[in-house]
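The values are calculated or read from the model by the stated rules, or taken from the named source; none is laboratory data. Everything numeric in this text was worked out from a predicted model, so none of it was measured. Side chains included, ligands, DNA and RNA excluded: accessible areas come from the protein's heavy atoms. Shrake-Rupley method; radii C 1.70, N 1.55, O 1.52, S 1.80 Å.
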Amino acid sequence: MGARIRQLHRWTSMIFTLVVVGIFAFQAFAVPPEWLYYTPLPFLFFLMLTGIYMFVRHYRRPARS
């Protein structure tokens, strides 16, 4: 499960980056509508959840002998 979460986190971060770059590129040609600035937020929320999960999972792991 941890590997799947990590992979989802990586792909979501790539999508998030492309959306943000796309918004900046769109701004070069026209004034975008207000709602366009909110499109990265679901990806950012998912990144936050998966990042917190991976962080907590790392420190809650039992110590290896």
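For Cα extents along the principal axes in Å, computed directly from the structure shown, the correct entry in (1) 34, 27, 22; (2) 41, 20, 20; (3) 59, 16, 15 is (3). The mean sequence separation of alpha-carbon pairs under 8 Å and at least six residues apart, normalised by the residue count of the chain, gives a relative contact order of 47 percent. The angle between the Cα long axis of helix 2-29 and the main principal axis of the chain comes to about 20°, on a 0 to 90 degree scale.
Provide Phe16, Phe46, Phe24 ordered by accessible surface of protein heavy atoms (probe 1.4 Å), highest first. Please list the in-between numbers first.
Details: Phe16 50, Phe46 70, Phe24 140 Å².
Heavy-atom accessible area, descending, gives Phe24, Phe46, Phe16.
The phi-based Karplus calculation (6.51 cos²θ - 1.76 cosθ + 1.60; θ = phi - 60°) puts the 3J(HN,Hα) values of region 31-36 at 8, x, x, 4, 5, 5 Hz, whole numbers, x for Gly and Pro.
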